[in-house]
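Student: I'd like to ask you about the structure that follows.
What follows is calculated from the coordinates using simple rules that are stated; it is not laboratory data. Just so we're clear, the structure is a prediction, and the values are computed from it rather than from any experiment. All Cβ positions, even for glycine, are placed from backbone atoms using ideal geometry, and neighbour counts span all protein chains on display.
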Amino acid sequence: MTEEKTAAEQCDEACEANERIQEELKFSKIKVKPVKLTGEINIPDLNPNAMLGVKAQLLTAKEMLEHLGYPADGLIPNWKEVFLRKMDEMLKKYRSVKLFMDICVKCGACVDKCHYYLGTGDPLNMPVARAELMRKVYRRYFTLPGKLFGSRFVNGSDLTEELLVTWYTYFYQCSECRRCSVFCPYGIDTAEITMAAREILNSVGLVQKYLHEIIFKAQTAGNNLGMQQNAIINALEFVQDDLQEQLEMDNIRVPIDEEGAEVLFVTPSADFFASPHIESLYGYAKVFHQAGISWTMSTHASEGGNFGLFIHNYEHMKKINKRIWEAARDLKVKRVVGGECGHMWRVLCNYSNTMWGPFDYLDPKYKRPQHICELTNDLLNRGALKIDKSANEEFIVTMHDSCQVARAMEMGGMPNGQFEIPRAVIRGVCEKFVDMPEATIRERTFCCGAGQGLLGDDMMATRVKGAMPRMQAYHYAKQESGVNFVALICAICKAQLSKMFPAYGIAMEEVGGIHQLVGRAIVLGAKESV
Amino acid sequence: MRTIDCAGKKIELDEDGYLTNLNDWSEDLAKMLSKEDNLELSEPHWEVINFLRSYYQQYQIAPMIKILVKEIKKTMGADKGNTKYLYQLFPDGPAKQACRYAGLPKPTGCV
């Protein structure tokens, strides 16, 4: 009888804990005002807890949570036990995470490198302080002095509900862009710490909505938008009809599921839905057409992006990536080319082979996927595309390096290819190109402010504040050189900046894709004779 | 999550103000939601909303913006068939704001 009562009491306690956490993490709309653009990026005054109120929305849809293998009813009763077990698993499975726990010397080189810190002044947005949230738990529970003498002895943290709230808040204010890692003398990749922390939070039932809803849709419908097959076909057929009508050519095509095509082309589903993304799709089609390369899109692999990268759970990433290789095999293509998508490139180029390779069914000349910029650049170099740069004469173009491409491995098999190749494509189709200040581009590029699961409307406050460094750099280039167009190769950057530009007082039309510019400048067969 | 009283019925909306149950939609509800944003729905707004709803019935997703623009061009004339006009009608963006009034779910992904 007594035991039963204790069990009931325990249950009540767990329910109350869950209710308290749900209340703490409740989403509330916070409006923030963008700062005035001056062209300068200054280190802000400290503003403790400035962003404590900004919480990413929790996922509550049971069907999705169950599919993803996460607890479906919020915080689980035995959360402390599961938290530590998961953290132990992360430390063992990802040796880098363990190393990053041990080697930080708190030199502070990363402090003013994070766009979220620069934009908010909240000390917990300093990369070292964010990582310290995990290091404190590590010291308390995973080192001998911590285990023996407790948290005060090692400056550690005990597991409390307050700690959960802080973790959830600030690990969803890191966009895993890895800019801080570039400056770390030890090469600590704070993004990996965030990824591990998010997966630990998932295991106890604190699952963020935007990111995980998309992982679910990518695994079930095959794309981030959750578009069904008939909708994909309708959208792509529309693009084909529109191109044929505009160009007065009936042979330009946007092929779908065509077996035996040379290229399987994968791109973010945003490219056949949103604006300005869609403009690049017109550009891709024109490149393939003009080069005479047979290509196809796939309704099975209808997404290039892979949100599985954003949490340390390779199973999710693998499942999403698998569709691409199934489609490549089934459609008997010779190579895979990826469109304008940041993390797609990192996963597709850097991880595909270890997940589903070797791809011995592809043409041995193209052992790994190519980036569309690589393909277009090669065609431009060989003179295979007829270009009229005057089509873009109204633009003075700059380029925002997307974090996931800039800090992925490379592009085109050449060092710094991920910086040089996209720029070469822009220069190949535009007369006027100007870079933004050096410290804000290439390997030191700033995140757009919405990467890696922070693009939802719930994150508008961090989006506005985190975009500040990029906006200042763009403003600088605008004042100095009259720049009026920023060319992008990432769907998240496109969605974020086309919203942030107007917020900061700049026209939305100044944001677009590199292949939007390519598409405008290509002179196609039929037009020549006109 | 919140509820809104519409014609004597309690209707559930999610955190972003989108319908939880798509069958709860009515013209009155669209009017109520737009009123909260200080927006009066006029004839062109309804053209967009009705088109979104019929497209959604067929494809379970909102149409891409170019499809919407083309439709508007067809029904309202060439001068209105552009994205700028749609943003004039729905300042928060046609994909999100118009979908919300039309009772469609919020689009996900990199949009």
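Student: Once you have the alpha carbon radius of gyration of the range A:191-294, what is it after dividing by 2.2 N^0.38 Å, with N set to its residue count?
Tutor: 1.39
Student: Shifting gears a bit: Order these peptides, A:404-413, A:458-467, by their mean beta-carbon neighbour count within 10 angstrom, highest first.
Tutor: Answer by packing, highest mean first, reads A:458-467, A:404-413.
Student: Distance check, please: which entries in A:Lys332/A:Lys367; B:Lys66/B:Lys96; A:Lys322/B:Lys106; A:Lys286/A:Lys332; A:Lys98/A:Lys318 exceed 21 angstrom between their Cα atoms?
Tutor: With Cα atoms farther than 21 Å apart: A:Lys322/B:Lys106; A:Lys286/A:Lys332; A:Lys98/A:Lys318.
Student: Turning to a different aspect of this structure: Give me the dipole magnitude in Debye, nearest 20, for chain A about the Cα centre, with unit charges on the beta carbon: positive for Lys and Arg, negative for Asp and Glu.
Tutor: 1500
Student: Given Cα pairs under 8 Å that are at least 6 residues apart, what percent is the relative contact order of the range B:27-102?
Tutor: About 33 percent, as a whole number.
Student: Using only Cα atoms and rounding to the nearest 10 degrees, what angle (0 to 90) does helix A:468-481 make with the longest principal axis of chain A?
Tutor: So the inclination is approximately 30 degrees.
Student: Something else: Would you order A:Phe153, A:Phe83, A:Phe446, A:Phe288 from fewest to most other beta-carbon atoms within 10 Å of each residue's own beta-carbon?
Tutor: With the fewest neighbours first, A:Phe153, A:Phe83, A:Phe446, A:Phe288 line up as A:Phe153, A:Phe83, A:Phe288, A:Phe446.
Student: A further question follows. Taking Cβ-Cβ under 4.7 Å as the only way to count a partner, pick out the unpartnered cysteines of chain A.
Tutor: Those would be A:Cys11, A:Cys15, A:Cys104, A:Cys107, A:Cys114, A:Cys174, A:Cys184, A:Cys341, A:Cys349, A:Cys373, A:Cys430, since no other cysteine Cβ in chain A comes under 4.7 Å of theirs.
Student: Work out, in µm²/s and without decimals, the Stokes-Einstein translational diffusion coefficient of chain B at 10 °C, 1.306 mPa s, Rh from Kirkwood over C-alpha pairs.
Tutor: 112
Student: Still on this model: In whole percent, what relative contact order does chain A give with Cα contacts below 8 Å and a gap of six or more residues?
Tutor: Result for chain A is 18 percent.
Student: Still on this structure, I have one more. Please report A:Cys104, A:Cys11, B:Cys99 as a ranked list, fewest other C-beta atoms within 10 angstrom at the top and most at the bottom.
Tutor: Result, fewest neighbours first: A:Cys11, A:Cys104, B:Cys99.
Student: Say each of A:Glu19 and A:Glu40 gets a label point 7 Å from the Cα, pointing the same way as Cα to Cβ; how far apart are those two points in nm?
Tutor: 5.2
Student: Sum up the charges of everything whose Cβ sits under 13 Å from the Cβ of A:Ala384, counting Lys and Arg as +1 and Asp and Glu as -1, but leave A:Ala384 out.
Tutor: +2
Student: Moving to a separate point now. Roughly how many Å is it from the Cα centre of the range A:149-214 to that of the range A:472-488, as a whole number?
Tutor: Distance between centres, Cα-based: 34 Å.
Student: Right, another one. Based on the alpha-carbon gyration tensor of the range A:483-523, what equivalent-ellipsoid semi-axes (square roots of 5 times the eigenvalues) come out, in whole Å, largest first?
Tutor: Semi-axes (√(5λ), whole Å): 20, 12, 6.
Student: Tell me the Rg and the Dmax, in Å, that the Cα atoms of chain A produce.
Tutor: Over chain A's Cα set, Rg and Dmax evaluate to 23.9, 92 Å.
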